[in-house]
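Visitor: Let me give you the structure first, and then I'll get to my questions.
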Amino acid sequence: MRFGVGLSPFEIWRDFDASAREALARKLADLDAFGVEYLAVLFDDMRGDLAGLADAQTRIVHWIAERTNARRLIVCPTYYTDDPLLDRAFGARPDRYLEQLGAGLDLDIDIFWTGEEVCSREFRRGHLERVAEQLGRKPFIWDNYPVNDGPVMSRRLHLRAFTGRPAAMEGLVAAHAVNPASQPVLTRIPALTLADSYAQGDAYQYGAAFARAATQVLGEELGAMVGRHLTLLQDHGLESLGEAAARLRARYGAIDHPGAREIVDWLDGAWRITRETMESA
C-alpha cells in the first residue's frame with residue numbers, strides 16, 4: 001500500500017517566476033510532511049497549444065523532483081491520449097510534443113497515458129509499443145474506467161468487468177492505474193476484475209470475473225441482484241429507466257449494505273454531475 005497525491009499546478013509554465021516557485025515549494029513541503037510516497041504532477045485539463053510546452057514542463061518537473069521526498073514521480077502530459085477531443089478542448093497539440101517530453105524527462109519519471117481515447121475501449125500491443133517509442137519509456141496507464149464523474153457518465157453506474165485489457169499488457173506498461181467511479185464500494189467490482197484479467201491471462205472470462213467480484217464486494221444475494229440489473233444500471237442510464245427506477249429503488253432501499261445505498265443515492269440523483277457543476281468547480 002502506498003500513499004500518493006496528484007498535484008495540478010494550473011498553467012504554471014506561463015510564468016514560472018519567483019512567486020510561483022515559492023508557492024510550489026511550500027506545497028511540496030506540505031506534501032512531504034504528510035508522508036506522500038507517490039507524487040503525480042498533472043498537466044491535464046490545461047491550455048496546451050503553446051510553443052516550447054514540453055521543454056517548459058520538463059524544467060518544472062525536474063525542479064519538483066529536486067524538492068520532493070516522494071519515491072515515485074509521475075507526470076500527466078497535457079495531451080495524454082491520441083484522442084482529438086483534447087485538441088478541440090485545449091488547442092492543437094504542439095508537433096512532437098510527446099517525443100520532446102519523453103526525451104527531456106529523466107527516465108526514472110513515469111508518464112501517464114490513457115490510450116487511443118480518453119476512455120479507451122481496448123489496449124493493443126501495437127499501440128502500446130508505439131507510445132513507448134514516443135515517450136522513451138513504457139507508459140503508465142491511467143485507465144478511465146470505471147470512472148463516471150462527467151455529465152454523461154454520471155447517469156450510469158460502471159459495474160461490468162474489464163475487457164480489452166489483455167494480460168500481455170503487463171510487459172508493455174510501467175504500471176496500470178484505475179480511475180475509480182464516484183461510488184467507492186461499487187467501484188471495487190470492476191477493479192477486482194482487472195486484477196483477475198492479469199492473473200488469469202487467456203483463461204480470463206469477464207462474465208465469471210464480474211460474478212466473483214460482485215459476490216466478494218456485495219455478498220452472494222446482493223451481488224446476484226446487481227448482476228441481473230446490469231443492463232438497467234449501466235446501459236440505460238437514469239433518464240431511460242422510467243417506471244423501473246421506482247422498482248429498483250424499492251428493491252435496493254430495503255437492503256442494509258453500503259453498496260445498495262450507493263445505488264439508491266444514484267437513483268435519487270445524488271451522484272449526478274452537470275455541466276454547471278463542472279464549470280463552478
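Visitor: Cβ contacts < 9 Å: first residue under 17 Å from residue 194 (Cα atoms), restricted to segment 110-133; second residue modelled with pLDDT of 95 or more and loosely packed, with under 12 Cβ neighbours inside 10 Å, any location; separation 6+ or different chain. Result?
Guide: Within 9 Å, the pairs are 115/121.
Visitor: What is the one condition in (1) surrounded by fewer than 14 Cβ atoms within 10 Å (Cβ to Cβ); (2) farther than 18 Å from residue 75 by Cα; (3) free of Cβ contacts under 8 Å to residues at least 60 places away in the same chain; (4) not acidic (Asp, Glu) that residue 151 does not satisfy?
Guide: For residue 151, the exception is condition (3).
Visitor: Here's another thing I want to ask about it. For residues in segment 201-224 being over 30 Å from residue 249 (Cβ atoms) and touching a helix residue (DSSP H, G or I) at 6+ places or on another chain (Cβ under 7 Å), which is surrounded by the fewest Cβ atoms within 10 Å (Cβ to Cβ)?
Guide: Ranking the candidates gives 201 first.
Visitor: Now for a different question. For segment 32-58, give me each residue that is out of contact with any helix residue (DSSP H, G or I) (no Cβ under 8 Å at 6 or more places or on another chain) and either over 21 Å from residue 179 (Cβ atoms) or not hydrophobic (A, V, I, L, M, F, W, C) (or both).
Guide: Scanning segment 32-58 gives 32, 33, 34, 35, 37, 38, 44, 51, 52.
Visitor: Could you list all residues from segment 1-18 that are within 17 Å of residue 101 (Cβ to Cβ) and among the β-branched types (Val, Ile, Thr)?
Guide: 12
Visitor: Whether any residue in segment 250-259 is within 25 Å of the chain's Cα centre (by Cα), closer than 16 Å to residue 158 by Cα and in a helix (DSSP H, G or I) is what I want to check.
Guide: Yes, that holds for at least one residue.
Visitor: Mind listing whichever residues of segment 219-249 are within 14 Å of residue 157 (Cβ to Cβ) and outside any helix (DSSP H, G or I)?
Guide: 229, 237, 241
The rows are residues; the columns are (1) closer than 23 Å to residue 271 by Cα; (2) outside any helix (DSSP H, G or I).
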| position | (1), (2) |
| --- | --- |
| 182 | yes, yes |
| 185 | yes, yes |
| 189 | yes, no |
| 196 | no, no |
| 199 | no, no |
| 202 | no, no |
| 209 | no, no |
| 213 | yes, no |
| 217 | yes, no |
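Visitor: Something else: Give 113, 142 a once-over and let me know the one that is touching a Cys at 6+ places or on another chain (Cβ under 8 Å) and more than 28 Å from residue 232 (Cβ to Cβ).
Guide: Matching residue, one of 113, 142: 142.
The values are calculated or read from the model by the stated rules, or taken from the named source; none is laboratory data. In this text, all values refer to a predicted model and were calculated from it rather than measured experimentally. FYI the Cβ positions are ideal-geometry reconstructions off the backbone, even for glycines, and counts take in every protein chain you see.
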